[in-house]
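For reference, the structure is listed below as structure tokens.
The values are calculated or read from the model by the stated rules, or taken from the named source; none is laboratory data. The shown structure was predicted, so the numbers you read here are calculated from the model rather than taken from an experiment. Neighbour counts run over all protein chains shown; Cβ positions are idealised from the backbone, glycine included. The protein model used for the area step is the full one, side chains on, heavy atoms only, and it has no ligands, DNA or RNA in it. Shrake-Rupley method; radii C 1.70, N 1.55, O 1.52, S 1.80 Å.
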Amino acid sequence: MPIKKKVRGARPISDRGERASRNWRPLLIIALAMGTLAGLSYGGLWLWQRTPVQQLSRVDALEQVRVKGPFNAVTQRQVEETLLPYLREGFFSADIRGMREALLQNPWISGASVSRRWPRGVEVEVQEAQPLAAWGEDKLLVASGELLPRPAQMNSGRLPELAGDEELVERIVAQYQALAGLLTTRDMEVKRLSFDDLAGWQLELVSGVQLHLGHDELLERVNRFLQLSRGVLAPHLEKVSRVDTRYGNAVAVQWKEDKQQN
């Protein structure tokens, strides 16, 4: 009869299975928890990115954007309207470069910065073009030399007025800058400068005095008037209406009383 040997320390196979099962349970629970958490996170991200703007109220969509700017030439609403289509992509996939390029399509926006701001969406800051002068009734000249449409809501203040053929804008601006550098005292500043081929240059000062300057030698003729305004005309400047400087060594003065009689 065969003899069965008893192996010291050996345990039944069923005991080893139960022990392995107990060792794997904590790992299984941890794995399931991590999987659930990842699924919820991905689901939340997917919903954020895929929810179309059409399903959001208008106010909810605009709340995703914080806008900073002077808002003189453009309004906050105009900026928000420009950015609204880009909210379809959600926070992580929003086209930041596209937003900036879209804002710069507005001629009054000279610079724009767009950055993500968790969790509210994006933060936008715009810089506006600075007007130098009014051009006619419906345009403004900005520092870049462009003529831009005058915004209805913009308070342009006491800007000098320029007028003439738009093809001559560079020439007129250059002449204005030269005269502005010469006419710096109070009431002698440039209020309006215009040019046309027939009458030449016409200059109106803040004091109300109008100067006929002709076509050539503008600075010399303005200097002649300034010398007279400090000399023989000084006591009578308030009565001066127009001064014609187109003469070689003299000027013709029209008084306000003469203008009223005419």
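Condition check ((1) of a type in the set (Val, Ile, Thr); (2) assigned to a helix (DSSP H, G or I); (3) surrounded by 18 or more Cβ atoms within 10 Å (Cβ to Cβ)) across all residues:
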{"residue": "GLN202", "(1), (2), (3)": "no, no, yes"}
{"residue": "SER207", "(1), (2), (3)": "no, no, no"}
{"residue": "LEU211", "(1), (2), (3)": "no, no, yes"}
{"residue": "GLU220", "(1), (2), (3)": "no, yes, no"}
{"residue": "SER229", "(1), (2), (3)": "no, yes, yes"}
{"residue": "HIS236", "(1), (2), (3)": "no, yes, no"}
{"residue": "VAL243", "(1), (2), (3)": "yes, no, yes"}
{"residue": "TYR247", "(1), (2), (3)": "no, no, no"}
{"residue": "GLU257", "(1), (2), (3)": "no, yes, no"}
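Please go through the range 190-200 and give me each residue that is aliphatic (A, V, I, L, M) and either modelled with pLDDT of 95 or more or not in a loop (DSSP other than H, G, I, E, B) (or both), ordered by number. Correct list: VAL190, LEU193. Checking GLU123, GLU128, GLU167 one by one, the residue that is within 22 Å of LEU218 (Cα to Cα) and not small (Gly, Ala, Ser) is GLU167 and no other.
Scanning the range 148-172 for residues that are in contact with a Leu (Cβ under 6 Å, 6 or more places away or on another chain) and either modelled with pLDDT of 95 or more or within 18 Å of SER194 (Cα to Cα) (or both) yields LEU148, LEU162, ILE172.
Quick check: anything in the range 173-189 buried (at least 17 other Cβ atoms within 10 Å of the Cβ), farther than 20 Å from PRO131 by Cβ and modelled with pLDDT under 95? Yes, the range 173-189 contains at least one residue that is buried (at least 17 other Cβ atoms within 10 Å of the Cβ), farther than 20 Å from PRO131 by Cβ and modelled with pLDDT under 95. The condition of being of a type outside the set (Gly, Ala, Ser), in contact with a Lys or Arg (Cβ under 8 Å, 6 or more places away or on another chain) and either open to solvent by 60 Å² or more (accessible area, probe 1.4 Å) or within 30 Å of LYS191 (Cβ to Cβ) (or both) holds for only one of GLU81, GLU125, that being GLU125.
Can you tell me which residue is nearest to the chain's Cα centre (by Cα) among those in the range 54-71 that are crowded, with 17+ Cβ neighbours inside 10 Å and either outside any helix (DSSP H, G or I) or modelled with pLDDT of 85 or more (or both)? Residue satisfying both the conditions and the ranking: GLY69.
When the residues of the range 109-122 are filtered to those that are modelled with pLDDT of 90 or more and under 11 Å from ARG66 (Cα atoms), the one that is surrounded by the fewest Cβ atoms within 10 Å (Cβ to Cβ) is SER115.
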